[in-house]
1. What FRET efficiency, computed as 1/(1 + (r/R0)^6) with R0 = 51 Å and r the Cβ-Cβ distance, is obtained for residue A:295 and residue A:470, rounded to the nearest 0.05?
2. Using Cα-Cα distances under 8 Å and only pairs 6 or more residues apart, what relative contact order does segment A:195-299 have, in percent?
3. Distance from the Cα centre of segment A:98-131 to that of segment A:256-293, in angstrom?
4. What is the dipole size for chain A, taken about its Cα centre, with +1 at each Lys and Arg Cβ and -1 at each Asp and Glu Cβ, in debye to the nearest 20?
5. Whenever you get a sec, compute what percent of the accessible area on segment A:6-162 sits on carbon and sulfur atoms (1.4 Å probe).
6. Short version: ³J(HN,Hα) in whole Hz for each residue of segment A:937-951, in order, from phi by Karplus 6.51 cos²θ - 1.76 cosθ + 1.60 (θ = phi - 60°), x for Gly and Pro, what are they?
7. Evaluate the relative contact order of chain A (contact order divided by residue number), counting alpha-carbon pairs under 8 angstrom at least 6 apart; express in whole percent.
8. How would you order A:242-251, A:511-520, A:53-62 from highest to lowest mean count of nearby Cβ atoms within 10 Å?
Amino acid sequence: MKSYDHKRIERKWQARWKKSKLYKTADTVKGKKNYYLLTEFPYPSGNLHVGHWYAFSVPDILARALRMQGKNVMYPFGFDAFGLPAENAAIKNKLNPRKWTLGNIKYMKKQITSMGASFDWSRELATCDPEYYKWTQWQFLQFFKAGLAYRKETAVNWCPSCKTVLANEQVVDGKCERCGTEVIQKQMLQWNLKITDYADRLIDDLSTLDWPEQIKESQKNWIGRSEGAEIDFRLTGNVGDDSRYLILHGREGKPTSVFIPWLKEELEKAGHEVEVPQLPNTNEPNAYEQAEYILKNCTVDEKTVVIGHSIGGVTALRLLEKGAKVRRVILVATPYSGRFLDGKKRPSVTDSVKKGFDFETIRNNTKSIIVMPDVKDDRVPFSDAESYAQKLAGMLVHGRGEEKHFMGKIEPDVLMCLCPTIRVFTTRADTLFGATYMVLSPEHPWVRLAIDDDHKVLENKDEVKEYVTAANKKTELERLTEQKEKTGVRLKGVEGVNPATGEKIPIFVADYVLAHYGTGAIMAVPAHDERDFAFAKKFELPIRDVISTGKMESGVFAGEGVLVNSGAFNGLKSIEAKSTLTDKFGRSKITYKLRDWIVSRQRYWGVPIPIVHCERCGDVAIPDPQLPVTLPEIKDYLPTGDGKSPLAKAKKWVKVKCPQCKGTAERETDTLDTFVDSSWYFLRYADTINKKKFADMKKMDAWMPVDLYSGGAEHTTMHLLYSRFWQKALYDLKLVKDSEPYTRRMNRSIILGPDGQKMSKSRGNVIDPDAVVAKLGADTVRMYLAFIGPYNEVSNYPWNPDGVVGIRRFLERVWRLRDRLTISVKKSDGHTISNIERMLHVTIKKVGDDITALKFNTAIAQMMSFMNEAESKGITKAQYETLLRLLAPFAPHIADELWSMMGHKKSVHIEKWPAFDPHKLASSSFTIAVQVNGKTRTQITIPAAVKEDAVKEQAETAAGKWLEGKAIKKIIYVPGRIVNIVAGE
RNA sequence: GCCGGGAUGGCGGAAUGGUUUACGCGUUCGACUUAAGAUCGAAUGCCCGCAAGGGCGUGUGGGUUCGAGUCCCACUCCCGGCACCA
């Protein structure tokens with residue numbers, strides 16, 4: 001007969017499957033359950049490597065097996081087509097990124113076809129297709145309208161080589177993940193997504209998922225939730241102790257609104273006089289009227305600090321305009337120019353707002369102005385605060401509201417701005433008695449305030465300023481690596497008050513305290529914190545042990561202890577002391593390491609952010625009918641270098657009419673991070689062709705959540721976290737029905753070169769799959785990759801060129817076996833099952849079980865064992881055909897060829913998966929081990945039906961040699977396994 | 001430092017508390033061949049022994065058990081995540 005010609009066979013069957021549309025998946029099939037098998041879609045780099053084969057052809061085994069087992073399986077394919085390489089190629093070789101990408105996709109599709117994978121190509125997608133990114137933009141705008149997308153000036157990771165902003169996840173060891181260049185810090189206005197709002201749910205919902213523990217742990221670490229306490233430390237010294245305070249509430253407010261009662265109490269506790277008037281006409285406030293009212297009814301003098309919340313801040317400014325002279329003005333979540341982020345106007349307030357201010361008079365009538373917007377405010381645009389701070393020559397403080405727009409009952413940032421208090425975060429409230437000094441980060445708002453303040457708060461302002469300026473120049477990494485010694489400067493003229501002991505303690509600014517974590521300020525407990533200890537040693541600060549460790553030597557860091565050994569809490573356990581002290585002096589607080597997701601990229605080849613910047617209306621969403629905002633064609637893809645995207649060069653495109661006021665405006669020129677594109681592609685697969693929605697709800701319902709998602713371990717804290725966030729955000733907007741996208745996830749291993757090293761051109765150890773396929777066939781390559789190790793565990797497997805040959809041999813043996821099939825002979829006794837029939841049923845069971853468990857390697861091993869037996873004993877036509885059906889998912893081409901050679905007209909891939917007969921699994925007799933005192937000595941063969949006593953007797957006889965001179969104490973018989981004779985002297 | 005995962009022949013790996021090393025590769029011997037390759041058959045954990053057989057073997061040390069790769073305790077090393085995160 002013909003020999004196994006893989007080239008002919010693979011070409012033939014790939015063409016037939018395509019022609020008969022064998023893998024086109026309907027959304028519903030009567031009587032079949034849907035199963036959504038997803039593998040991470042690739043970037044169209046232009047060439048298929050072994051990793052792609054491993055990623056796509058091995059899960060195809062599962063897809064095919066589940067189909068034969070009666071599931072309606074969707075196994076889709078697409079391309080993550082936006083991103084840097086296309087642009088780099090464009091810059092380097094003067095190619096159009098679109099043409100380059102589309103060319104690569106075309107070529108790769110051809111290569112992928114050679115895998116013989118059962119992809120449903122009718123659902124193919126590419127993220128650079130306007131029909132796709134129209135919906136990326138649309139979803140982004142839903143988030144924008146819901147306040148989940150916002151623009152903020154942030155210190156961002158900037159790659160000087162790629163000339164773009166990088167997400168934290170793209171910075172590895174302080175270097176650009178892509179090009180290895182040292183990343184620097186740069187202040188830029190960036191689009192952010194509020195993933196931090198979802199931190200708790202992203203952690204808590206992990207428990208509902210069938211994911212490997214390793215991935216869950218990684219995500220938890222990344223989010224970094226830690227439960228601790230915030231404790232307020234009052235300041236004393238040159239902090240304007242004789243100030244009196246006038247608090248002006250906002251629209252629809254009163255003296256008991258929001259944080260006002262709390263703030264009043266806190267200020268009075270510190271010994272200040274506080275006045276909170278009830279302003280007139282709060283429903284439709286008129287700032288002029290309110291200012292008049294204050295002048296008439298309240299005390300306003302040069303010791304007065306005026307605090308205006310929201311529209312109350314406008315009143316404060318009008319007050320100064322009218323000539324009131326005050327010590328300081330603090331605008332909390334103010335001012336706003338009469339428009340809101342949602343685009344709605346509130347006409348009743350615009351009169352007294354819009355009129356424009358006499359900024360000069362205001363500046364002259366106060367010694368300082370602080371503008372403190374809430375960085376997470378979703379009502380008042382942050383940019384308003386920036387421009388007002390500039391016009392007022394005021395200090396801009398990036399505040400953080402407990403509630404958006406500073407609407408919380410307690411707003412510590414407001415109190416901090418007024419000087420008397422610094423709030424610290426600690427997980428060790430039990431060590432409060434040991435806090436002997438405080439440290440603020442160089443970026444701490446109060447430090448910025450103090451060095452800019454007209455008042456003489458600090459006695460060594462210049463020294464502090466110098467330190468802060470130097471620290472700001474460095475990146476976090478530089479601070480860490482450049483200096484092993486702790487540095488810092490004491491803030492002279494102010495002291496903190498330890499709320500537990502009442503003692504006055506020094507305050508330092510030092511860069512070992514991080515600005516973005518907790519409150520950016522700490523209470524230092526040198527006896528129980530290594531870092532504080534090092535700092536205290538250097539600056540000769542007191543070290544007080546408040547936890548009895550028994551190990552404490554004078555001046556030596558004591559580490560963690562058990563019992564609190566201080567004043568009122570003597571003998572209390574740490575945990576008890578923690579909660580007691582937290583309740584008494586602070587409040588419990590949860591912090592996260594996770595930061596918001598910066599999504600803007602100063603790059604051409606990405607999704608344009610569908611926003612228009614209008615002088616009058618601010619940031620305005622592009623209306624739905626105008627979507628998608630398509631990428632304009634440009635000539636030069638190089639970034640401008642000043643932080644702007646190459647899109648800024650498309651002048652005609654940039655200039656638009658504001659959709660709201662129809663005046664001239666400019667388009668946003670940044671594009672979206674490609675992780676945005678991939679945050680929802682799995683939803684689109686459910687309904688790739690939909691022109692009215694990103695996907696039809698019913699169709700998504702048919703497929704989502706994904707049953708199994710296979711992908712690379714490198715996406716654990718990036719794509720996997722982002723897409724979970726995206727799904728939850730869509731869920732909250734009622735756009736999808738599930739709050740989690742993937743039920744089961746597995747991370748895939750990496751295929752190394754034959755030398756055990758990562759494949760790379762420079763090492764010369766790259767395996768070209770096309771070459772191996774040409775030589776040995778796609779079936780061999782697929783099956784070898786499945787055989788190399790368990791698929792559901794992360795490891796690194798070297799490609800063994802000899803090992804591949806082993807699989808090819810196996811397939812050749814299956815091919816040749818067809819010529820040696822025996823004729824079925826009925827056993828005369830009719831009861832006993834032939835050994836080969838028994839083994840076939842064992843194989844059916846094991847192959848099925850192992851595929852479901854993603855242990856393709858042992859499934860293949862079982863088929864090999866069966867083949868070994870089949871070759872020596874011979875098998876019947878029916879048994880052979882059963883083997884072909886088991887082989888079909890693994891080696892689809894050869895299986896279909898042999899199946900048709902057996903005389904079948906239809907493809908083996910639409911056959912039913914063979915069922916095993918449980919009665920046929922058991923052997924009629926078996927060999928068991930005989931142990932003496934737990935050591936295996938010999939074996940006996942016994943019939944299946946034999947009684948226990950007979951087995952024991954037989955074992956005793958067989959083991960006689962090892963029992964000489966010993967008394968048998970006990971015999972343990974485990975049916976089918978062992979007999980253990982326990983004997984002694 | 002904290003958290004998670006792991007360590008089994010020459011190699012990739014199997015193994016519900018029950019014959020350690022299935023399956024494949026490699027190696028050795030044999031058959032076929034002028035020869036090589038391919039193919040087929042046999043052997044293959046280590047040590048001692050002509051053999052029968054014996055001893056030792058799943059990172060290290062202990063424990064539980066009739067019996068431990070598997071369960072418990074302590075440790076070593078490797079991989080992954082986080083990390084001046086208070």
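The values are calculated or read from the model by the stated rules, or taken from the named source; none is laboratory data. Given the structure is predicted, the values throughout are model-derived calculations rather than measurements. Heads up, the Cβs are rebuilt from the backbone with ideal geometry, glycines too, and the neighbour counts pull from every protein chain shown. The protein model used for the area step is the full one, side chains on, heavy atoms only, and it has no ligands, DNA or RNA in it. Shrake-Rupley method; radii C 1.70, N 1.55, O 1.52, S 1.80 Å.
1. Values: r = 46 Å, r/R0 = 0.90.
Given R0 = 51 Å and the Cβ-Cβ separation, E is 0.65.
2. Reported as a whole number, the value is 22 percent.
3. If we compute the Cα centre of each part, the gap is 63 Å.
4. Working: 148 positive and 123 negative charges, 953 e Å.
For chain A, the charge dipole is close to 4580 debye.
5. Values: 3290 of 6160 Å².
Carbon and sulfur atoms account for 53 percent of the accessible area of segment A:6-162.
6. My calculation for segment A:937-951 gives 10, 7, 10, 10, 10, 10, x, 4, 7, 5, 7, 4, 4, 5, 4 Hz in order.
7. It comes to 13 percent, rounded to a whole number.
8. Working: A:242-251: 22.2, A:511-520: 20.1, A:53-62: 23.8.
Top of the packing list down: A:53-62, A:242-251, A:511-520.
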